[in-house]
Amino acid sequence: HAADAHRTDLMTITRYVLNEQSKYPESRGDFTILLNHIVLGCKFVCSAVNKAGLAKLIGLAGETNVQGEEQKKLDVLSNEVFIKSLVSSGRTCILVSEEDEEATFVEPSKRGKYCVVFDPLDGSSNIDCAVSIGTIFGIYMVKDSHEPTLDDVLQPGKHMLAAGYCMYGSSCTLVLSTGEGVHGFTLDPSLGEFILTHPDIKIPKKGKIYSVNEGNAKNWDGPTAKYALIKYVEKCKFPKDGSSSKSLRYIGSMVADVHRTLLYGGIFLYPADKKSPNGKLRVLYEVFPMSFLTEQAGGQAFTGKQRALDLVPTKIHERSPIFLGSYDDVEEIKALYAAEG
Ligand code: AHG
Ligand code: MN
Ligand code: MN
Ligand code: MN
């Protein structure tokens, strides 16, 4: 029966990637091996997050990171897990993590051809109150077989081969794109496997939700935030064309806010302001992966100046403002920025 076939024909994330890989006869399965090691890290962090309260993993690690943020125990733990898992895959050569000031250059004997940029635990401020958090990652190919340098990771987001996130929420959901659309996999804890549950995610063309930290509004009129942003947010709240106002949903974990945006539609904004002239979100391991996924799902991602994926970073922890989500919603804010010139 169809029902039985559905139950027994399990499309796991590994099988999905192998199917993709079979389109490239010359590939030797390196990407599949790399992805399996990322998935291993996600399973570990999922388990640690779920028992954080019990396993005394709540609270601060007593150190601060290059961002000047106090590191949570889970920030440090998840970073170590991903670094170790990625190095042991033998398929990476440079790793950039939010939690490490310098990039990790993998020793020659374990070196592969991929560079991974990642935020091991996104939304750390939400750990202690059990609100959804996540891991975000992006994958580049080294530019060529020379000795790896930072240039291999300071590439525009449009050069990413793949990007994804794993959200540790009411379920553990891994959302991935290898450039062929966006697919969501949910962890079946009884199998320890991520099963395809959201094939071919497409973001609604227009949404009814805007997602921004309005608590920063008094700083929005800084030189780079200009008035287009203020006009756009006003438009969401007091539409002039008689349409209904948008709902405000803001969780404060980028992974959770973007996941909702991809599934329900709408727009997520983290603008620049007087305090942070380049915004808060980091280009390599927050802005690029989420912009890659949004475009692959049929949406747009805009920095206020340009298409987010066209940005060429010059530093590994560089920040950028970001407006991403439903195609039509981002088109509106782009028009306001263009009108301002
Ligand atoms: P991280 O926990 O990895 O440092 O990232 C936190 C980010 C992102 O998850 C979220 O969108 C943003 O911080 C929220 O910032 P505000 O609290 O300033 O709104
Ligand atoms: Mn942080
Ligand atoms: Mn983050
Ligand atoms: Mn983080």
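The values are calculated or read from the model by the stated rules, or taken from the named source; none is laboratory data. Predicted model, so just to flag it, every value in this text is computed and none were measured. Reconstructed Cβ throughout: ideal geometry from the backbone, glycine too, with neighbour counts over all protein chains shown. In case anyone asks, the SASA skips ligands and DNA or RNA and just uses the protein heavy atoms, side chains included. Shrake-Rupley method; radii C 1.70, N 1.55, O 1.52, S 1.80 Å.
Tell me yes or no: at least one residue of the stretch 52-75 is open to solvent by less than 30 Å² (accessible area, probe 1.4 Å) and more than 20 Å from the chain's Cα centre (by Cα). Within the stretch 52-75, one or more residues are open to solvent by less than 30 Å² (accessible area, probe 1.4 Å) and more than 20 Å from the chain's Cα centre (by Cα). Of all residues in the stretch 120-138, those that are in contact with a Cys (Cβ under 7 Å, 6 or more places away or on another chain) and over 16 Å from L57 (Cα atoms) total 1. Among the residues of the stretch 133-164, those identified as under 12 Å from P289 (Cβ atoms), open to solvent by less than 30 Å² (accessible area, probe 1.4 Å) and away from ligand 3 (no atom under 16 Å from the Cβ) are I139, Y140, M160, A162.
The sole residue among G123, G112 that is modelled with pLDDT of 95 or more and more than 23 Å from K280 (Cα to Cα) is G112.
Do we have any residue at all in the stretch 296-307 that's more than 17 Å from G215 (Cα to Cα), under 13 Å from the mean Cα position of the chain (by Cα) and open to solvent by less than 10 Å² (accessible area, probe 1.4 Å)? Checked against the condition, which is being more than 17 Å from G215 (Cα to Cα), under 13 Å from the mean Cα position of the chain (by Cα) and open to solvent by less than 10 Å² (accessible area, probe 1.4 Å), the stretch 296-307 yields at least one hit. For the stretch 113-128, enumerate the residues that are open to solvent by 20 Å² or more (accessible area, probe 1.4 Å) and away from ligand 2 (no atom under 16 Å from the Cβ). The answer is K113, and nothing else. Among the residues here, T104 qualifies as under 22 Å from I139 (Cβ atoms), more than 13 Å from ligand 3 (Cβ to nearest atom) and either aromatic (F, W, Y) or in contact with a strand residue (DSSP E or B) (Cβ under 9 Å, 6 or more places away or on another chain) (or both).
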